[in-house]
Structures are given as C-alpha cells and as structure tokens.
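Here the structure is laid out as structure tokens; the discussion comes afterwards.
Taken together, the values in this text are just the output of simple stated rules run on the coordinates, not laboratory data. Source: prediction; values computed, not measured. Here the Cβ positions follow ideal geometry from the backbone for every residue, glycine too, while neighbour counts run over all protein chains shown.
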Amino acid sequence: MAYQVRNLESSDFPALMRMEREIFGAAGEEVLGPYYVRLCCDFFSSNCFLVLSDGEPVGYLLSFLKGREAYCSTLAVAPSHQGTRAVHLLIRAFVRSIMDQVDVCWFTVSEENQAARALHQTLGATEVGRRHDFYGPGDTRIVSCIDRDAFQKLRQRYEKLGLVPPRPAPRAEPTVLLEAAQ
Ligand SMILES: CC(C)(COP(=O)(O)OP(=O)(O)OC[C@H]1O[C@@H](n2cnc3c(N)ncnc32)[C@H](O)[C@@H]1OP(=O)(O)O)[C@@H](O)C(=O)NCCC(=O)NCCS
C-alpha cells in the first residue's frame, strides 16, 4: 500500500473529526473536542501529521510543543490500515520534526493499549509514572517519556538509516597560538 505523509492543513479539520469518531468514538472512547482539533490544523500544524492512502486520510498524529518539550497527544490509524507501515510513517515524520527542537517528548497511554505502548518503547520512551483520574474519574494513564539520552540514541539510529542528515561536526578551534607581543 502506498502512503503519503504530510503536515496537517486547515482543510483537514472535517477528516480529523470524522476519524476521531470512527477510531475512538466507535470503540466507546471520548473524542477530541473541535476546538483542539481546529488548533492542531491551524496553529500546531508544523508538528502534526496526516497519513493518506490514495489521497484519503487514514491516520494522524497530533502534538504540540512547550519550550523544549513535546507532548504527543494523539496517534491513530483507521482500523482498515492498522498493522501496516502507516503508523511508522507518522512517527517518523513526527520524530524528524521535533528532533532538534526539544529535549523531551511525553506520551500518555492506557494500560491495556499494548500497540501504543510498544510503539513508544521502540522510540526509547520509558514509562515514568501513572496519572489517576486523567480524563475523568477512574481513568488511569501511563505517562512515558523520551528523555535527552533516548533522543540522542534515536538521532543516531535515524542518522544511520539516513532519515536525518548527520549533525555538522563542531568547528575546530584554531590550534596555532599567537605569540604574545614582546
Ligand atoms: C495505536 C495505533 C496507532 C497503532 O497502530 P497499528 O497500525 O495498530 O500498530 P501495529 O499493529 O502496526 O503495531 C505497532 C507495533 O506494536 C507492536 N504491537 C502491536 N500490538 C502489540 C501487543 N499486543 N504487544 C506488543 N507489541 C505489540 C507491533 O508488533 C508493531 O511493531 P512492529 O511494526 O515493529 O511489528 C492503532 O492501533 C490505533 O489507532 N489504535 C486506536 C487509537 C489509539 O489507541 N491510539 C493510541 C493512543 S492516543
């Protein structure tokens, strides 16, 4: 299956709201509110991505940055495209976009969401705690984070795979010392 990934655009709003209903709503979960989705399309779009199959949106990753921290708020792929490479393309685009902008990236995930937890782990994220009553009474989320060291390792892996250009080596200081004027 050929997929394309690109940044969100303002006109993606209806497709995102539809996928929220089809992916989360159909599974009996809460869906994102239109205000946040609109913000992602119009304001946070440089770090939010859509994956398309034959021009049709089939998945998305939403995130925002605060200083040198990223927060990945949603990652979702339509059931008909789960288990394909679509999710990896979204993650790759996201990692490339934040790699040089942040030191830390946060995720939250429910205990039973093994696929999402496995994906976070492959990025080098570690589970650092649990938040209770996160989206409402009784809702517990695992908080995980890619820290500075994990980002360093991720960068090396991406460089090896040719997904990001190598960081330019720091400029060498001149080695010739000027003799002190007599
Ligand atoms: C989470 C989600 C985006 C993952 O996408 P997906 O296409 O289903 O992911 P995959 O089935 O390809 O699995 C991703 C990786 O996790 C691994 N994985 C999947 N289920 C797993 C399980 N039960 N235990 C361990 N690893 C698992 C897979 O092996 C795969 O790794 P690989 O590509 O190296 O083989 C998708 O399932 C989804 O949209 N779910 C509904 C929305 C959601 O829960 N989003 C996350 C919270 S915001």
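Can you list which of the GluC sites (Glu not before Pro) found in the range 1-32 are DSSP loop residues with at most 13 other C-beta atoms within 10 Å?
Those that pass, being in a loop and sparsely packed, are 9, 29, 30.
Treat each spin label as a single point 7 Å out from the Cα along the C-beta direction, and report the residue 84 to residue 157 distance in nm.
2.3 nm
Please identify which residues in the range 1-31 have an amide N closer than 18 Å to a label point set 7 Å out from the Cα of residue 46, following the Cα→Cβ vector.
6-10
On a full-extension model of 0.36 nm per residue, what is the gain between residue 68 and residue 6, subtracting their alpha-carbon distance, rounded to one decimal in nm? Walk me through the intermediate numbers first.
Working: separation 62, 0.36 × 62 = 22.32 nm, distance 2.27 nm.
Length difference between fully extended and current span is 20.0 nm.
Calculate for the chain the 222 nm mean residue ellipticity that helices alone would give, adding -39,500 (n - 2.57) per DSSP H run of length 4 or more and normalising by residue count, nearest 500 deg cm²/dmol.
-8500 deg cm²/dmol
For every other residue with a beta carbon closer than 12 angstrom to the beta carbon of residue 90, add +1 if it is Lys or Arg and -1 if Asp or Glu, then tell me the sum.
+4
Grab the beta carbon distance between residue 30 and residue 143, set R0 = 22 Å, and tell me the FRET efficiency rounded to 0.05.
On the way: r = 18 Å, r/R0 = 0.83.
Efficiency computed from Cβ-Cβ geometry: 0.75.
If I histogram all Cα-Cα distances within the chain using bins 5 Å wide from 0, what percent of pairs lands in each bin?
Computed distribution, short to long bins: 1, 7, 15, 18, 20, 15, 9, 4, 2, 2, 2, 2, 1, 1, 1, 0, 0.
Place a +1 charge on the Cβ of each Lys and Arg in the chain and a -1 charge on the Cβ of each Asp and Glu, then give the dipole magnitude about the Cα centre in debye, rounded to the nearest 20.
With only Lys, Arg, Asp and Glu charged at Cβ, the dipole is about 420 debye.
May I ask for the angle, rounded to the nearest 10°, between helix 86-98 and the longest principal axis of the chain, with both axes built from Cα atoms and the value confined to 0 to 90°?
The two axes meet at around 40 degrees.
Return the whole-Å distance between the Cα centroid of the range 111-149 and the Cα centroid of the range 5-71.
Taking the Cα centre of the range 5-71 as reference, the centre of the range 111-149 is 19 Å away.
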